[in-house]
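The values are calculated or read from the model by the stated rules, or taken from the named source; none is laboratory data. If you're wondering where the values come from, they're calculated on a predicted model, not measured in any experiment. Neighbour counts are summed over all protein chains in view; Cβ atoms, including those assigned to glycine, are modelled from backbone coordinates with ideal geometry. With ligands, DNA and RNA removed, areas are computed over all heavy atoms of the protein, side chains included. Shrake-Rupley method; radii C 1.70, N 1.55, O 1.52, S 1.80 Å.
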Amino acid sequence: MKTIKPTQAVATILSRYQRRRNCLVPVTATDAYADTLARACGDDVDLDPVERGLIHLKRQKVISGRRLVTLLARHQREIRPE
């Protein structure tokens, strides 16, 4: 398996995975339920498209759990305001 270059943006890595596997990120019933439950509890949790895409790749067993955590952490560092 290739190592991920630290200079690549997570969105670029995600799009490459999606092109290779020809997969789109569907909105599942579980996603809708989780969003509704979070809103009912007063939480303001909303995943961006990159985070949803990474979770979908994990569900499809395209990436490992360790790779998911690594990419999510890197994505959070990229989008965090300095």
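A few points about this structure:
- Whichever residue in region 18-50 is touching a residue at least 12 places away in the same chain (Cβ under 8 Å) and open to solvent by less than 90 Å² (accessible area, probe 1.4 Å) and, among such residues, is nearest to Ala73 (Cα to Cα): Val50
- Subset tally (residues that are more than 16 Å from Arg16 (Cβ to Cβ) and either open to solvent by less than 80 Å² (accessible area, probe 1.4 Å) or touching a residue at least 24 places away in the same chain (Cβ under 8 Å) (or both)) for region 65-75: 3
- Residue list for region 51-64, restricted to those being open to solvent by 30 Å² or more (accessible area, probe 1.4 Å) and assigned to a helix (DSSP H, G or I): Arg52, Ile55, Lys58, Arg59
- Asp35 vs. criteria charged (D, E, K, R) and not in a helix (DSSP H, G or I): no
- Test: residue in region 5-20 that is out of contact with any strand residue (DSSP E or B) (no Cβ under 7 Å at 6 or more places or on another chain), over 25 Å from Arg80 (Cα atoms) and in a loop (DSSP other than H, G, I, E, B): no
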